[in-house]
Each structure stands twice: as structure tokens, then as C-alpha cells.
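See structure below.
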Amino acid sequence: LEESIRNRLITILFGTTQFISGEEISKQLNCSRTAVWKHIKELKKNGYQIESVPKKGYRVISRPDRISEDEVKHQLHTKRFGQVVHYHESVTSTQEIAHRFALDGALEGTLIIADEQVKGRGRLGRAWHSPKGTGIWMSIILRPAIPPQQAPQLTLLAAVSMVKAIIRVTNIQPEIKWPNDILINGKKIVGILTELQAEADRVNSVIIGMGINVNTAEVNFPADILDRATSLRVVHGEALSRSALVKALLEEMEKLYDTYLDEGFPFIKVMWESYAASLGKMITARTLKGELYGLAKGITAEGSLILEDEDGQIHNIYSADIDIPK
Ligand code: BTX
């Protein structure tokens, strides 16, 4: 309740460039002027710059680039995705927290989001660099009625949503590298990690983790990933609002997910292939069983990668790291 008042307060304050009196606000929010004053104080603490002048009232000067619950939910046009938000300033890993919420019966679309991760994780025990205040580190809980082997389709769905959101916010079209990387100019801007809570024939929850380098400056990437990583700010030239991107992502993803539940994977597959960087190229796939070299032909209806080796033999690849020679 408190938080929905604060959300409405943000809407009121941003609805005008003029001063707006405490009395007017309290009327619109249907609460006391003391309550208004307390909420304003809270917003200031959260980095909003709000001018207050006796007899005139309040005026917003700037809002912070935050991804807190208030910011994410403000004018978010979804039904489920991001309607429940757990925001933290610093966490080990949002995946870890999401797993706990999923076990406790969290609603579909529940979002765990953090300003910083100190143990952000990638696939296969790798680390994901998640410095404070610059990126989006988030996990979303889904509960599709699908068998576990179809879950990789959701990684591809998430990747397509991510591309659409980035296009919407920046006008730049990134590429997808199978299965889970989003690249711009060949460098990684987003990583996606899909984890499951499942029984043999049924998924209980799918937890999709996404790490997005938004405003990271080039100098802030650790040396060992600098040549492979970039941020939206680096390619776009200016800093972006993280919360706007989160909202765009939640909206795109909910739309695709709902269609996926109705119609299945085929239309996602088509979109995914249209954004894919590796298709039609010779690639090296490093799997747990060894390396394969060949032509990336497409993806299957299950979302696995189809590779034709130099002897013309077709391989279905379910999990691998892909190298695309320049
Ligand atoms: P991945 O295993 O495909 O990629 C991890 C590799 O990417 C690392 O070994 C490193 O080389 C490189 N890398 C690490 N950090 C970054 C970065 N910030 N930008 C670009 N490259 C990097 C990809 O795994 C899946 C990552 C998912 C991260 C999200 S963040 C929210 C959620 N919580 C969590 O702990 N993980 C997910």
C-alpha cells in the first residue's frame, strides 16, 4: 500500500514541471500532508532530487537511475511480469534468491533484481561480473506447464525479448549467439542463465537470470573480459535509464511468453533465427564431450543447435560454447 502511494506520488510529481502544493498532493493521494512529506523524504533518500519551497510546494528536479521496486513498477504495462518485485542493493546472486522464492511458491512473473551481485554466476560454474549501479542483474520466475527438456526454449525466448527491448530503447540491433549470449559488434552485452526446479516429467519453475551491461564504462571491465565484453553505453554513446530497459524487457517478454503458451515455440524459433549471429557460418562448438567444427544450420523445434560437420554428418547440440571466427 505504502509503495503504491509512493508510485502515485511519483506520477503526480512527474506530471508537471510546475510546483505542486503539499495540499494538492495530499488531496490527490487521499492522505495527510504529513504523510506526503514523509514519502517525499523517502524519495529524496532514494536519490530523487526534489525541490521544496514553502507556500509553493514540491517540484522534481531529477530522478535517479535506479532499478528499485518503485522505479520498475512505475508505468509498467504488464499483467504478471514484474508485478511482484524484490529489489536488493547488493546480493550474492539474484538466481540464488529466486530459487528460494520459487520453492516458497512465488507467483509467476516474480522479479528479483539487484544493483550489485558479489557472486553473480554464469553457466557451468563461471562467474558473472556484476558491479554496482551500472548494470541490470535480474532473475524472473516462470511456471510453464512444459516438460523439462523444453526449458531451453525459454532461454531463446528470453534472448528474443532482450533483443526487442534493446532495439526499442536504443535503436541498435544486437545479435544472438546460440544459446544465450547477446552481442553487439561481436562483444557480449547480455548473458542469460536458465535454471530449473523440475521433476522428471514436469517443470515446477524456470528461473531465467539475465545480466545486462548497461552503463558500464569500458575501463571498468576486468582485464580478462575486456576484449569480449561491452556495454550499451559504450556502443550507444550515452548513459541509458536502466529502469526503462527493465520495463521494456518485462513487457516484451510477457507478450512473447503468453504467445508461447498459446502457440508453442515455432514463432519464437523464426524470430530467434532472424537475430542469430551464427547461422550459415562455420563455427566451433565446444561441448563437454569435445569440439565440433561445422556449419551452423539452424535450431530445432526443441531449441538445440543443428551443426553439419565437414563429413556432412548432422549433429544436434544441446549445450556448448560457440566460437564464430571473424
Ligand atoms: P556464461 O557462462 O555464458 O558467460 C560467463 C562468461 O562471460 C565469463 O566466464 C566471462 O568470460 C564472461 N563475463 C563475465 N561477466 C561478464 C559481463 N558482465 N559481461 C560480459 N561478459 C562477462 C552467461 O554465462 C550467463 C550470465 C547470467 C548472469 C545473470 S545476472 C542475474 C542472474 N544472477 C546470476 O547470478 N546470474 C544471472
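The values are calculated or read from the model by the stated rules, or taken from the named source; none is laboratory data. If you're wondering where the values come from, they're calculated on a predicted model, not measured in any experiment. With ideal geometry, Cβ positions are generated from the backbone for all residues, glycine too; neighbour counts draw on all protein chains shown.
Values for this structure:
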quantity	calculated
Residues that are farther than 22 Å from Glu108 by Cβ and surrounded by fewer than 17 Cβ atoms within 10 Å (Cβ to Cβ), drawn from the stretch 245-276	Pro266, Val270, Glu273, Ser274
Index of the failed condition, Lys132 passing every other in (1) surrounded by fewer than 16 Cβ atoms within 10 Å (Cβ to Cβ); (2) among the basic types (Lys, Arg); (3) at pLDDT 95 or above	(3)
Test: residue in the stretch 100-107 that is touching a Leu at 6+ places or on another chain (Cβ under 6 Å) and more than 16 Å from the ligand (Cβ to nearest atom)	no
Any chance Arg80 is within 15 Å of the ligand (Cβ to nearest atom) and either more than 17 Å from Gly211 (Cβ to Cβ) or assigned to a loop (DSSP other than H, G, I, E, B) (or both)	no
Single condition Ala114 does not satisfy, out of (1) surrounded by fewer than 18 Cβ atoms within 10 Å (Cβ to Cβ); (2) near the ligand (Cβ under 8 Å from one of its atoms); (3) closer than 15 Å to Val246 by Cα	(1)
Answer residue from the stretch 293-326, given it is more than 16 Å from the ligand (Cβ to nearest atom) and among the polar types (S, T, N, Q) and is nearest to Ile182 (Cα to Cα) among those	Ser304
Top-ranked residue of the stretch 197-226 - restricted to ones that are of a type in the set (Val, Ile, Thr) and near the ligand (Cβ under 10 Å from one of its atoms), ranked as nearest to the chain's Cα centre (by Cα)	Ile212
Count - residues of the stretch 117-173 that are assigned to a helix (DSSP H, G or I), within 21 Å of Val246 (Cβ to Cβ) and within 12 Å of the ligand (Cβ to nearest atom)	4
So Ile10, is it among the aliphatic types (A, V, I, L, M), farther than 21 Å from Ile212 by Cα and crowded, with 17+ Cβ neighbours inside 10 Å	yes
Scan of the stretch 174-186 for residues that are out of contact with any strand residue (DSSP E or B) (no Cβ under 7 Å at 6 or more places or on another chain) and part of a strand (DSSP E or B), ordered by number	Ile184
Residue ID - farthest from Asp104 (Cα to Cα), chosen from residues in the stretch 187-215 that are assigned to a loop (DSSP other than H, G, I, E, B) and in contact with a Lys or Arg (Cβ under 7 Å, 6 or more places away or on another chain)	Asn215
